[in-house]
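Working notes for the structure below.
The values are calculated or read from the model by the stated rules, or taken from the named source; none is laboratory data. No experiment lies behind these values; they were computed from the predicted model shown. Backbone-built Cβ (ideal geometry, glycine too); neighbour counts: all protein chains shown. Accessible surface areas use protein heavy atoms only, side chains included; no ligands, DNA or RNA. Shrake-Rupley method; radii C 1.70, N 1.55, O 1.52, S 1.80 Å.
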Amino acid sequence: MATAGGPAHLRLYINIDHVATIRQARHADEPDPAAAAAACEAAGADGITAHLREDRRHIQDADVDAIMRVIRTPFNFEMAVTDEMLAIAERLRPHQVTLVPERRQEVTTEGGLDVTRDPARVRAALARLAAAGIRSSLFIDADPRMIDQSAELGAVAIELHTGRYANAPADRATLAALRDGARRGRGASLAVHAGHGLTVRNVGPVAAITEIEELNIGHHIISRSVFIGVAEAVREMRAAMKRD
Ligand code: PXP
């Protein structure tokens, strides 16, 4: 939302999963995701995001413990809606949990969580997170049915899946869906986040949607860091998402 002093600050949470992907490619002890999280913070990240997948393909259990120990900014813990993950969240007590769908064969999170499919399970998970004092967010497609259902289930926030837009940024319908979704979410008193597939080239129009208060960006920033370093990669993303 715009304020008297100009557009509100848009938070940049950096997903450091793919630092772990590089490490796991060798089953080595470097690069260290917790060290990457600290470097992102030093470069100006507002928060750190990591996804502990059920298959442990990149981030490991020890990584989330280390990240929680090291960082000073909020930790956004991405996880599937399972008892195992809920128990981990209750032990860790991160600032925020984002519930995401997971399929073992997928390369990355391919679509939003279908919150209409097993609403009782999602409602129960949100209640457990609330009881543990953890802010909740649901990663969903910018679909009116998903947005309304997220509010009804008691989520604090939604994260709109920007993957379709990122794959076709010239297709105005994908951006319009995000704009409409963000407005609908705010109208339902949800905090609105967005993420997936965002780069310095495509982030501008998403960042300009003033209802969005937080972006979760991973692969592109880590990829750019290989060539220009973490600090510069964070700086160029910040510049690309500037609202004024
Ligand atoms: N948000 C969610 C819920 C995700 O699952 C991911 C990917 O792990 C991201 C944001 C970040 O996507 P990307 O790595 O493409 O920036």
On the basis of being surrounded by 22 or more Cβ atoms within 10 Å (Cβ to Cβ) and without any contact (Cβ under 8 Å) to a residue 60 or more places away in the chain, does residue 68 make the cut?
no
Scan region 118-152 residue by residue and report those that are within 14 Å of residue 77 (Cβ to Cβ), in a strand (DSSP E or B) and of a type outside the set (S, T, N, Q).
135, 138, 139
Across region 3-29, what is the total count of residues that are open to solvent by less than 40 Å² (accessible area, probe 1.4 Å), part of a strand (DSSP E or B) and either at negative phi or hydrophobic (A, V, I, L, M, F, W, C) (or both)?
4
Since residue 167 meets every condition but one in (1) more than 16 Å from the ligand (Cβ to nearest atom); (2) open to solvent by 70 Å² or more (accessible area, probe 1.4 Å), which condition does it not meet?
(1)
Residue check, residue 32 touching a strand residue (DSSP E or B) at 6+ places or on another chain (Cβ under 9 Å) and either over 29 Å from residue 187 (Cα atoms) or surrounded by fewer than 21 Cβ atoms within 10 Å (Cβ to Cβ) (or both):
no
Boolean, residue 203 is within 14 Å of the ligand (Cβ to nearest atom), among the hydrophobic types (A, V, I, L, M, F, W, C) and under 25 Å from residue 148 (Cβ atoms)
no
Filter region 191-228 down to the residues that are of a type in the set (Gly, Ala, Ser), within 22 Å of residue 75 (Cα to Cα) and either at pLDDT below 95 or not in a strand (DSSP E or B) (or both) and list them by number.
197, 207, 218, 223, 225
Would you be able to say whether some residue in region 46-65 is open to solvent by less than 60 Å² (accessible area, probe 1.4 Å), small (Gly, Ala, Ser) and within 13 Å of the chain's Cα centre (by Cα)?
yes
Looking at the structure I just gave you, is residue 185 part of a helix (DSSP H, G or I) and crowded, with 24+ Cβ neighbours inside 10 Å?
yes
Go through region 68-93 and give me each residue that's outside any strand (DSSP E or B) and within 14 Å of the ligand (Cβ to nearest atom).
80, 81, 85
Quickly run through region 3-48 and pick out the residues that are within 16 Å of the ligand (Cβ to nearest atom) and out of contact with any helix residue (DSSP H, G or I) (no Cβ under 8 Å at 6 or more places or on another chain).
11, 13, 21, 22, 24, 46, 47
Hey, can you tell me all the residues within region 219-244 that are closer than 20 Å to residue 174 by Cβ and within 10 Å of the ligand (Cβ to nearest atom)?
219, 220
Quick one: in region 49-67, of everything that is touching a Leu at 6+ places or on another chain (Cβ under 9 Å) and over 24 Å from residue 233 (Cα atoms), which residue is farthest from the ligand (Cβ to nearest atom)?
65
